Amino acid sequence: MLQRATVAVPDEVRASRQRRFAAPAARLAETRTPVAARPPGPRGVPSAEFRDFCRALADAGVTIDVEAPRPDLFRGAVGSWPLGDMHLLRVDGGAHAVHRTTTLIDCDPTDCVEFVAVERGRVLLVQDGRSVALEDGDMTLYDSDRPYSIACDEGVRLAVIIVPRAALAVPPNVLRRAFIRRWRGETGPGAVVGPYLANLAGQAAGLREVVAQRFARTAAGLVSTLIEETCADEHEGAHSALLQRIVDYIDRNLADHELSPGRIAAAHFISVRHLHALFSAHGMTVSSCIRNRRLERSYEQLLLPAALGGSMVEIAEANGFSCASHFSRVFRARFGVPPSAIRRRAS
C-alpha cells in the first residue's frame with residue numbers, strides 16, 4: 001500500500017516566495033540527501049531518507065503530497081537551488097508519486113509553471129484529464145496551479161525548473177497549448193533545451209549565484225523559445241519575435257532615463273497602442289517589463305564585488321534609477337530584501 005506524506009512549504013520558504021523569492025547566499029548552497037546513506041527502518045515506517053526527500057522537495061516552494069510504495073526502503077536525493085524568482089531542482093529517487101490537489105493549490109498558489117527534463121527513468125504525468133508518458137531525454141511542461149499527479153519509476157533522475165508564468169513571456173493561449181505535451185530530446189529544439197537544463201542542474205552546486213541566475217534566465221528563455229517554436233501559429237510566432245526584439249532593445253537601453261513606450265514604439269516603427277497591445281497579449285505591461293529588467297540587472301551587478309559592480313548608487317544610476325530611495329523601495333518590493341543585503345553577500 002502506498003504511504004503518503006504531505007510536503008508543506010516551510011513558512012520561511014513561503015514568505016520568501018511571496019517576496020518574489022528573496023535570494024540565498026552568494027554561492028549556491030545545495031540541499032541534498034545522500035543516496036543509500038542510512039539503513040532501512042521497520043517495515044511500513046518511512047525511512048529518514050524519505051522524510052529528508054520530502055523536506056527537500058518542500059524547499060522548492062510548492063506544497064505537494066508525496067507517496068512511495070515502500071517508504072521504509074526509499075532511497076533518494078534532491079538538489080534544490082533558489083535562483084532569484086526561479087527555482088532549480090535535480091531529483092534522484094526510487095519509485096514515488098507526487099500529487100498537487102485543489103486543496104493544496106487553494107492554500108498555496110504559486111502563479112508558476114514547471115518544466116521537467118527526464119535524464120533517466122520513466123515518468124507519467126497527469127493534469128486536466130490529459131497524460132504524458134516520458135522516458136530518457138523527454139521533456140514536458142505543467143501548471144503549478146492546476147491539480148496534477150506525477151508517478152516516477154525506480155531510479156528516476158529529473159531536472160526541473162520552476163518559473164513564474166510572466167517570466168516566460170509567452171501568450172496565455174500559446175502557453176495553454178504547451179501543457180502536458182511531450183518534447184523529445186534527440187532532435188529539434190528539444191535537443192538544445194533538455195541537455196542545457198540537465199547540465200545546469202548537474203553543475204549548479206559549484207556555481208556562484210550571479211552566474212547560476214544568468215544561466216537560469218537563459219534556461220527560461222530556451223523554454224520560451226521551445227514553446228513558441230512548437231506551439232504557436234505563424235501569426236503568434238511573428239508577434240513573439242517582435243516582442244523579443246523589443247525586449248532586447250529595452251535591455252540595451254536600461255541606463256536611459258528617458259526610455260519610454262513612445263521611444264520604444266518609434267524605434268520599432270509601430271504605434272504606442274500596438275506596443276501596449278503586444279505586451280498585454282503576453283501578460284505584461286511595458287512599464288513593468290522595463291522596471292523588472294532594470295531590477296534584475298541591478299541584482300546581478302550587486303552580487304559582483306564592489307570593484308567590479310560599482311557602488312549601490314552607481315548601479316542604480318547605471319540602470320535607469322535616478323532616485324536612490326525609490327530604487328531601494330522597489331528593489332525590496334521585488335526581492336524582499338534591500339540592495340544593501342545583496343551587496344553584503346558579494347563581500
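Every number in this text was worked out from the coordinates using simple rules, so none of it is lab data. A quick note: this is a predicted structure, and the numbers were derived from the prediction, not measured. Reconstructed Cβ throughout: ideal geometry from the backbone, glycine too, with neighbour counts over all protein chains shown.
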#### Entry: Vicinal HN-Hα couplings computed from phi for the range 84-93 (Karplus, 6.51 cos²θ - 1.76 cosθ + 1.60; Hz; Gly/Pro x)
x, 9, 10, 9, 10, 10, 10, 10, 10, x
### Query
If you average 1/r over all unlike Cα pairs in the range 73-221 and invert the result, what Kirkwood radius do you get in angstrom?
15.6 Å
### Query
In nm, to one decimal, how far is the modelled label at THR101 from the one at ASN199, with both set 7 Å along Cα→Cβ?
4.2 nm
### Query
Once the piece of chain linking ARG329 and TYR249 is laid out straight, how much longer is it, given 0.36 nm per residue of separation minus the C-alpha distance between them?
26.2 nm
### Message
Give me log10 I(q)/I(0) at q = 0.13, 0.14 Å⁻¹ for the range 200-306, Debye formula, one equal scatterer per alpha-carbon, no solvent.
### Response
-0.59, -0.67
### Task
Within the set of other residues whose C-beta is less than 13 Å from the C-beta of ARG146, count the net charge using Lys and Arg as +1 and Asp and Glu as -1.
-2
### Task
Place the peptides 76-83, 332-339 in order of packing, highest mean first, counting for every residue the other Cβ atoms within 10 Å and averaging per peptide.
76-83, 332-339
## Note on the structure
The extension gain from SER340 to ARG273, computed as 0.36 nm times the residue separation minus the Cα-Cα distance, is 20.3 nm
### Query
In whole Å, what is the distance between the alpha-carbon centres of the range 162-187 and the range 69-148?
15 Å
